[in-house]
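Enquirer: If you scroll down you'll find the structure; I have some questions about it.
What follows draws every value from the coordinates through simple rules; no lab data is involved. What you see is a predicted model; the values in this text were computed from it and never measured. A quick note on method: Cβ atoms are made from the backbone with ideal geometry, for glycine too, and the neighbour counts reach across all protein chains shown.
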Amino acid sequence: MKVLVVYAHPNPKSFNAAIFRQTEDDLTKAGHEVHVLDLYKEGFEASMSLEERERYMTRDNTTGIEQHIARLRWAEAIVFIYPTWWMGPPAILKGWLDRIWLPGIVATFEDGKIKPGLTKIKKILVITTQGASKWRMAAIGNPPRRMFRLSLKQVTNGVKVDWMALYSMDKATTEQRIAFLKKVQKRIIKLQL
């Protein structure tokens, strides 16, 4: 399977970096064709320019981002790895979604209805760490989970978005982190079309 791994964390020594490295290794060992998009390493510009915004709803909205569009269209599965900050993904990942997941690419809009554009994608896995507890996130509706599940489902023909989160990350023990890495590994090994 062709898997696009989208990684968003600035610190190569972070726990998210450990998740990322293990995920890439496990996907490769499982025989998947893997393309990595490390947004910080690449220096992705999260801010949408005025020119991009003015072209947003036009057919000319992919100028300058063709490589990112090609990666997205290539993928049969996407794995997102990021920390949750302020109840959402880091600005660099949100900016990538804003600038790359464009009308005409991820979906078209006809007669008030959404027509999915990423129908080649059959699997989506989101792996995140969150400082808040699972119960606190549930009490406020887990905004990042809701954002990914509702948005991505609509542009991929109803693909289920699998969600893995290590909650209370700031208080997680070494044992809890190791257990989470093992859980991620098991999930990655099962990733199939």
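Enquirer: Over 19 Å between Cα atoms, which of K13/K123; K41/K94; K94/K120; K2/K120; K94/K153; K115/K160 qualify?
Expert: K13/K123; K94/K120
Enquirer: Out of all DSSP beta bridges in segment 2-189, what portion is antiparallel? Express it as a percent rounded to 5.
Expert: So the antiparallel bridges amount to about 15 percent of the total.
Enquirer: Moving to a separate point now. By count of other Cβ within 10 Å, fewest leading, how are S133, S168 ordered?
Expert: Listing S133, S168 from fewest to most nearby Cβ atoms yields S133, S168.
Enquirer: Subtract the Cα-Cα distance of A30 and K190 from 0.36 nm times their separation in residues, and report this length gain in nm to one decimal.
Expert: So the extension gain works out to 56.7 nm.
Enquirer: Now for a separate question. Give me the percent relative contact order of segment 2-189, please, defined on Cα pairs under 8 angstrom at least 6 residues apart.
Expert: It rounds to 24 percent for segment 2-189.
Enquirer: May I pose another question? Report the one residue of A107, Q130, P83 whose Cα lies farthest in the direction of the positive end of the charge dipole of the chain (charges on C-beta: Lys and Arg +1, Asp and Glu -1; origin at the Cα centre).
Expert: Of the candidates, Q130 comes out farthest on the positive side.
Enquirer: Using alpha carbons only, what's the Rg to Rh ratio of segment 2-189 with Rh from Kirkwood?
Expert: 0.96
Enquirer: Could I ask something else about it? Given the rule -39500 (n - 2.57) for each run of at least 4 DSSP H residues, summed and divided by the residues of the chain, what is its mean residue ellipticity at 222 nm, to the nearest 500 deg cm²/dmol?
Expert: -12000 deg cm²/dmol
Enquirer: Let me ask something else. With springs only between Cα atoms under 10 Å, which of D60, D26, D38 fluctuates most in a Gaussian network model of the chain?
Expert: Of D60, D26, D38, the Gaussian network model singles out D60 as fluctuating most.
Enquirer: If R0 is 25 Å, what FRET efficiency do you get for D98 and L181 from their C-beta distance, rounded to 0.05?
Expert: 0.25
Enquirer: Treating only the Cβ of Lys, Arg, Asp and Glu as charged (+1, +1, -1, -1), what charge dipole size does segment 113-193 show about its Cα centre? Round to the nearest 20 debye.
Expert: My answer is approximately 380 debye.
Enquirer: Would you work out if segment 1-97 is rounded, prolate or oblate? Take a ≥ b ≥ c from the square roots of the eigenvalues of the alpha-carbon gyration tensor; rounded if a/c is under 1.5, else prolate when a/b is larger than b/c, oblate otherwise.
Expert: It comes out oblate by the Cα gyration axes.
Enquirer: Another one. Within 14 Å, Cβ to Cβ, of I189, how many net charges do the neighbouring residues add up to if Lys/Arg are +1 and Asp/Glu are -1?
Expert: Value of the local net charge: +3.
Enquirer: At 0.36 nm per residue, and after removing the present C-alpha to C-alpha distance, how many nm does the segment from I114 to K171 gain when stretched out fully?
Expert: Working it through step by step, the gained length comes to 16.4 nm.
Enquirer: Still on this structure, I have one more. Using the Cβ atoms and a cut-off under 14 Å, what net charge is assigned to the surroundings of M147, where Lys and Arg are +1 and Asp and Glu are -1?
Expert: Counting the neighbours of M147, the net charge comes to +4.
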